[in-house]
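A.B. asks: Just passing along the structure, written as structure tokens.
The values are calculated or read from the model by the stated rules, or taken from the named source; none is laboratory data. For clarity, every value in this text was computed on a predicted model and none was experimentally measured. Don't worry about glycine lacking a Cβ; one is built from the backbone with ideal geometry, like all the others, and counts go over all protein chains shown. Just so you know, the surface numbers come from the protein's heavy atoms only, side chains and all, with ligands and any DNA or RNA stripped out. Shrake-Rupley method; radii C 1.70, N 1.55, O 1.52, S 1.80 Å.
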Amino acid sequence: MTHGVGIARAEEALGTLEDITKAVKPIALDEYEARVSKAQQLMQERGISAMYLNAGTNLEYFTGLKWYPSERLVGAIVPAEGSVTLIAPAFEVGSLTQAMILPMESLLWDEHESPYVTLLDFLTECFADDFKLALDESTPYSVVAQLEERKPAETLCDAKVITAACRMHKSPKELALIQTAMDMTMAVHRATGAMLHEGITASEVRAFINKAHQRVGATGSFFCIVLFGKATSYPHGVNYEQKLEKDDWVLIDTGCKLHGYHSDITRTYAFGNATEEQRTFWQYERDLQQAAFDAAHIDKTCESVDDAVRVKLSDLGLKADYQLPGVPHRTGHGIGMDLHEWPYLVGGDKTRLAPGMCFSNEPMVINPEKFGVRLEDHFYMSEEGAFWFTEPSRSVDDPFNLL
């Protein structure tokens with residue numbers, strides 16, 4: 001039996017977990033103010049008059065205001081200079097004001113009014129007709145289309161040059177939140193491996209993982225993929241119930257959120273004894289993961305990290321060009337307030353690695369119609385190079401590094 005797997009009952013495994021978030025503090029007002037200041041500097045450098053942030057992650061990142069996107073326009077207008085203004089339905093102003101962290105002026109519209117006219121009239125009042133508006137990249141096309149009807153398209157631009165440039169460089173406080181979230185999910189992985197038993201279903205495992213994430217201080221799992229046997233060859237799962245059998249191959253990919261920041265860790269191992277072919281492919285995966293990490297250097301491009309994986313695939317006798325058997329998807333994604341965010345470790349992404357960038361490292365290798373192996377840990381970049389948030393698995397027999 002793989003070390004640490006199938007050794008405890010569910011309640012015993014849960015009993016090993018404790019809340020590790022009690023001393024953790026969320027992002028404070030001064031950091032939101034610094035983020036807005038950085039965005040405004042970037043806007044001035046690019047000749048952008050104002051930036052619209054739609055309800056969602058970017059609004060939360062810059063202002064701390066958590067609000068859901070819907071058919072009613074809720075967002076913030078960040079000018080290149082001056083204070084941020086909330087645009088929202090008048091009847092929601094009480095709830096929105098209560099949820100604010102960064103103080104904002106309010107630009108309100110009533111149900112019978114057009115929020116798009118309200119927004120553009122406000123900008124015209126601030127800048128006359130000569131302004132360039134950057135739109136948060138998550139803004140629905142329905143909103144963009146309404147604005148384009150009233151404003152020449154060439155006066156609108158993608159705010160990604162501002163939002164991504166800010167968000168991809170994590171501050172020490174952000175790194176600390178991500179680190180704690182990763183520690184939480186790593187503890188959950190160990191507990192989950194311990195409670196596996198023959199006959200348990202994938203849905204029962206997911207329910208345990210959700211409860212385990214609550215034990216370590218999260219509201220639950222943000223997502224959870226549990227795969228057994230042949231199903232592990234499908235990167236993001238299958239649509240049928242699975243039941244664990246003796247010597248099954250297991251892949252579990254899960255994560256949680258802590259004060260808005262994500263964890264995301266995958267482990268693959270045998271429930272019992274691995275075959276020689278599984279052992280070989282498991283080591284392939286670990287070697288590929290290490291090749292990516294070793295290639296991550298300040299000022300190298302993101303695609304160069306993925307290139308290192310492709311070279312290693314060729315050395316291993318596998319297909320190197322996103323085909324099978326091999327690694328059909330990118331090496332990794334950025335992570336932060338979104339589970340997947342810029343930049344990406346993939347061919348074509350020429351973003352240069354810089355301090356504060358955080359990435360998944362998960363070049364999942366697939367032996368088609370048999371099984372897959374995904375080992376996913378994350379690393380962050382510093383002036384001194386790359387550093388792991390969680391230590392990668394040391395061996396197929398010790399996936400949780402317990403020995």
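A.B. asks: Out of (1) open to solvent by 40 Å² or more (accessible area, probe 1.4 Å); (2) farther than 30 Å from Ala194 by Cβ; (3) in contact with a Gly (Cβ under 7 Å, 6 or more places away or on another chain), what's the single condition that is false for Ile20?
C.D. replies: It is condition (2) that Ile20 fails.
A.B. asks: Just one of the numbered conditions (1) surrounded by 17 or more Cβ atoms within 10 Å (Cβ to Cβ); (2) over 25 Å from the mean Cα position of the chain (by Cα) is not true of Glu148; which one?
C.D. replies: Failed condition: (1).
A.B. asks: Looking at the stretch 90-144, which of its residues are of a type in the set (Val, Ile, Thr), in contact with a strand residue (DSSP E or B) (Cβ under 8 Å, 6 or more places away or on another chain) and in a loop (DSSP other than H, G, I, E, B)?
C.D. replies: Result: Thr139, single match.
A.B. asks: Filter the stretch 228-255 for residues that are in contact (Cβ under 8 Å) with a residue 12 or more places away in the chain and within 21 Å of the chain's Cα centre (by Cα) and give the result.
C.D. replies: Selection gives Tyr234, Pro235, Gly237, Leu251, Ile252, Asp253, Thr254, Gly255.
A.B. asks: Just a yes or no: is a residue in the stretch 269-291 β-branched (Val, Ile, Thr), touching a strand residue (DSSP E or B) at 6+ places or on another chain (Cβ under 9 Å) and more than 26 Å from His189 (Cβ to Cβ)?
C.D. replies: The answer is no; no qualifying residue exists.
A.B. asks: So is Lys38 in contact with a strand residue (DSSP E or B) (Cβ under 7 Å, 6 or more places away or on another chain) and touching a residue at least 24 places away in the same chain (Cβ under 8 Å) or not?
C.D. replies: Here the answer is no, as Lys38 does not meet what is asked.
A.B. asks: Just to check your reading of the model, which residue among Asp349, Asp338, Asp306 is in a loop (DSSP other than H, G, I, E, B) and under 21 Å from Asp253 (Cβ atoms)?
C.D. replies: Residue meeting the stated conditions: Asp338.
A.B. asks: Name the one entry in Arg46, Arg9 that is surrounded by fewer than 21 Cβ atoms within 10 Å (Cβ to Cβ), within 30 Å of Asp397 (Cβ to Cβ) and among the basic types (Lys, Arg).
C.D. replies: Every option except Arg9 fails the conditions.
A.B. asks: Here is a follow-up. Filter the stretch 225-270 down to the residues that are polar (S, T, N, Q) and closer than 14 Å to Glu369 by Cα, then identify the one that is surrounded by the most Cβ atoms within 10 Å (Cβ to Cβ).
C.D. replies: So the residue we want is Thr232.
A.B. asks: For the stretch 299-321, which positions are under 25 Å from Tyr380 (Cα atoms), out of contact with any Lys or Arg (no Cβ under 6 Å at 6 or more places or on another chain) and open to solvent by 60 Å² or more (accessible area, probe 1.4 Å)?
C.D. replies: The answer is Lys300, Asp307, Val311, Lys312.
A.B. asks: Of the numbered conditions (1) open to solvent by 30 Å² or more (accessible area, probe 1.4 Å); (2) at pLDDT 95 or above, Trp282 fails exactly one; give the number of that condition.
C.D. replies: Against the list (1) open to solvent by 30 Å² or more (accessible area, probe 1.4 Å); (2) at pLDDT 95 or above, Trp282 comes up short only on (1).
A.B. asks: So if I check each of Lys66, Lys38, which one is basic (Lys, Arg), open to solvent by 30 Å² or more (accessible area, probe 1.4 Å), modelled with pLDDT of 95 or more and under 18 Å from Pro140 (Cα atoms)?
C.D. replies: That would be Lys66, the only listed residue that is basic (Lys, Arg), open to solvent by 30 Å² or more (accessible area, probe 1.4 Å), modelled with pLDDT of 95 or more and under 18 Å from Pro140 (Cα atoms).
A.B. asks: Then there's this: Exactly one condition in (1) touching a residue at least 40 places away in the same chain (Cβ under 8 Å); (2) within 26 Å of Gln146 (Cβ to Cβ); (3) open to solvent by 70 Å² or more (accessible area, probe 1.4 Å) is not met by Pro26; state its number.
C.D. replies: (2)
A.B. asks: Which condition breaks for Gly220 when tested against (1) touching a residue at least 60 places away in the same chain (Cβ under 8 Å); (2) touching a helix residue (DSSP H, G or I) at 6+ places or on another chain (Cβ under 7 Å)?
C.D. replies: Gly220 satisfies every listed condition except (1).
A.B. asks: Taking Lys160 as the residue in question, decide whether it is under 30 Å from Pro115 (Cβ atoms), at pLDDT 95 or above and surrounded by fewer than 23 Cβ atoms within 10 Å (Cβ to Cβ).
C.D. replies: yes
A.B. asks: Could you please let me know if Ala292 is of a type in the set (Gly, Ala, Ser), crowded, with 22+ Cβ neighbours inside 10 Å and touching a residue at least 24 places away in the same chain (Cβ under 8 Å)?
C.D. replies: Considered against the rule, which asks whether it is of a type in the set (Gly, Ala, Ser), crowded, with 22+ Cβ neighbours inside 10 Å and touching a residue at least 24 places away in the same chain (Cβ under 8 Å), Ala292 comes out as yes.
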